[in-house]
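Below: the structure, in C-alpha cells.
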Amino acid sequence: MLALRKTQAGFGLELLNTPDPGAPGSAEVTVRVEAVGICGSDVHAYEWTDGYQHMVPYLPVTMGHEFSGRVVAAGAGAAVAVGTRVSVYPRVVRGDGSIAWPGDPRARGERLTIGLTTDGGFASRLNVPAGNALPLPDPVDAELGALVEPLAVATRAVLVGEVGLGDTVLVLGPGTIGQGLALMARASGAARVIVAGRGDEPRYAVLRALGFTDIVDVGDGPLAEQVLSITGGKPVDVVLEATGHPPSITDALPVLKREGVLVAAGIHAAPLSLPLTAFVRNRHQLRASHGSEPSDWERVIAILAREPEAFRPMITHRLPLSRGLEGFELARQRAASKVILVP
C-alpha cells in the first residue's frame, strides 16, 4: 500500500509502497483510512524545524495523526465493531511489548503519538488500539472526522484559558489551530473573537467563511493599536496563541487585561523574552496547552454532529494520497488552509 513516510532526519517525506499492517492484535482494530489532514506539526516535521528531533529514534515512520476511517477488522477483545466509522485519538502508550490507549490498565511505559512516533494515517490501513477508535455519528462524515483532532487541541486550549460567557478573545494565528481556537472560544460563549495574522489571505478567507469578521494583519500596523481600535480601547480577556512565533506573545500582552490569561499552544523553535516587570505588575497569567484529552474529543464530536456544515469551510483542498507531497507544499507555502488527503 502507498504511505507517506519520514525516513530520515532532514527535509522531506517519501511516498513509498509499504506492507499491509496485517491482522489486528488483541484489543486492536484495523482502520481503513478515508480522510487524513495535513497538520501544521506535519509540515514542521516535513521541513525538519527545531522541536521534532524526538522523532529520530522512531524513523522511518508513516506520518498522519488527523484521520478518520472505518473499522474493517477487529482483534480479540476489541470493543469496536467491524463497520464502525471512527476518528482516531493519536496518543498511545507502549509497555510490555504492547500498545494501549490512555486509560487502559496496561498503559504504563513509553508515550507515543500515532503519525509522529508510531505509524499513522498517511496510508490506506493501520492497526490501532480499539480504545483509540472513537465512533462518529452519521452527520460527521470522513473529512469532518479528520478535523476532530485539531478541534480537540483547540478545545483543550480554550478550557485552559477559561474562556467564558461574554469574553473578548484574541487569537494569534489564523491557521487550522487558530481557526479551531476561534470556533471553540465562540462555542464557549465568547462575545467577540479577534484573530491576528500576517499576510495570510487564504486563511483570512476561511475565517470569514466561518463567520469571523474581526481580523487584523500585523503587517498593516502594530497589533495593539489594531486590536484596541476594534475593542474601543478595552483590553481583551483572554489571548490564545497558535503562531509558534515567540514575539507574538510579547506583542499581545499589552492588550491583555489585568490578571488576564494568555495560553501558548504553538510549538516554538526559539525562546521567549518576557518583559517581566510589566508581566508581574499586571498579574498576567501565562499558561501552556498541548494536545488533548479523550473528553475533548467527545465534546468536539458532539458539536460537529449538531452543526457539521459550520465547520466544513476549514477544508480548502482535497487530494488523493498519491499527491500528498503536493499537498504538503500547498500547506507549507500557505497557499492552502486545511488539506485533506484521501487514501
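The values are calculated or read from the model by the stated rules, or taken from the named source; none is laboratory data. Quantities reported herein were computed from a predicted structural model and do not represent experimental measurements. Please note: Cβ atoms are built from the backbone with ideal geometry, for glycine as well, and neighbour counts cover all protein chains shown.
Quick rundown of the values:
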read-out	value
Extreme residue, surrounded by the fewest Cβ atoms within 10 Å (Cβ to Cβ), among residues of the range 7-65 that are among the small types (Gly, Ala, Ser) and free of Cβ contacts under 8 Å to residues at least 40 places away in the same chain	Gly10
In the range 322-343, residue modelled with the lowest pLDDT [restricted to those that are surrounded by fewer than 18 Cβ atoms within 10 Å (Cβ to Cβ), touching a strand residue (DSSP E or B) at 6+ places or on another chain (Cβ under 9 Å) and not in a strand (DSSP E or B)]	Ala335
Any hit, the range 88-106, residues being under 13 Å from Asn127 (Cβ atoms) and either at pLDDT 90 or above or not assigned by TED's automatic domain parsing to the domain that holds Asp20 (or both)	yes
Matching option when the condition is under 16 Å from Gly244 (Cα atoms) and either of a type outside the set (Asp, Glu) or touching a Cys at 6+ places or on another chain (Cβ under 7 Å) (or both), among Ala185, Ala146, Ala157, Ala152	Ala157
Matching entry among Ala302, Ala278 (being surrounded by fewer than 15 Cβ atoms within 10 Å (Cβ to Cβ) and without any contact (Cβ under 8 Å) to a residue 12 or more places away in the chain)	Ala302
Filter result for Leu319 (within 27 Å of Thr49 (Cβ to Cβ) and either under 20 Å from the mean Cα position of the chain (by Cα) or assigned to a helix (DSSP H, G or I) (or both))	yes
Identity of the residue in the range 228-266, out of contact with any Asp or Glu (no Cβ under 9 Å at 6 or more places or on another chain), in contact (Cβ under 8 Å) with a residue 40 or more places away in the chain and among the hydrophobic types (A, V, I, L, M, F, W, C), that ends up farthest from Asp167 (Cα to Cα)	Ala242
Within the range 89-184, strands (runs of 3 or more DSSP E) holding 3 or more residues that are touching a helix residue (DSSP H, G or I) at 6+ places or on another chain (Cβ under 7 Å) and crowded, with 24+ Cβ neighbours inside 10 Å	168-172
When residues of the range 254-278 are limited to those that are part of a helix (DSSP H, G or I) and hydrophobic (A, V, I, L, M, F, W, C), the one nearest to Pro235 (Cα to Cα)	Val255
